[in-house]
Amino acid sequence: MVDPQQDEFLAGLESKSHRANHFFRTMANRPEVLKTFVPFYGAVVGPGSVERRIKELVYLACSFANECAYCTAAHMASGKKAGISEDELRALQTEQDHIFSEPERAAIRYARELTREADAKDSRTALFEHFDNQQIVEITLVAAMANFTNRFNNGLMLQPES
């Protein structure tokens, strides 16, 4: 991991969050990647045409499927801020999707299938019943971002900050 005192951009990120971030400190080994990743991540998971709650459900569905402790911890916290209850988090983790709305179920199933199969031929059609093309691209980007960060964290054995 890179020490924030050695990287001004990293130091700025951590000063905004007021805490150490293992993900950023590790990615800072490639400073040019970290500098481009942060705005890209914000563009994908930030405000868009899909409501925040659905984005968090998608991110968590991927993170649970990949058993990524780091992303699961981070997105359980942000998911709660987006209105996801403890019961819904447990249901998502155990794939008990019946408690979610139809659009949420469609997005969750799509994210899981895309994660497990790198294709979503069985669940893609259901998305078109609830979302337009722009929203489907946005949901796909969130699932792809989750899978990227899951693999980065799992591959490098990063654990959530205490």
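At a glance:
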| read-out | value |
| --- | --- |
| Simple label model, 7 Å out from Cα along Cβ direction - PHE128 to GLU51, nm | 2.4 |
| Helix-only mean residue ellipticity at 222 nm for the chain, each DSSP H run of n ≥ 4 adding -39500 (n - 2.57), per residue, nearest 500 | -21000 deg cm²/dmol |
| Global form of region 63-162, assessed from the alpha-carbon gyration tensor, a/c cut-off 1.5 | oblate |
| Region 34-86-region 113-137 distance, computed between alpha-carbon centres (Å) | 17 |
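Each reported figure results from applying straightforward, stated rules to the coordinates on display, with no laboratory input. The model shown is predicted, which means the values in this text are computed figures rather than measured ones. Reconstructed Cβ throughout: ideal geometry from the backbone, glycine too, with neighbour counts over all protein chains shown.
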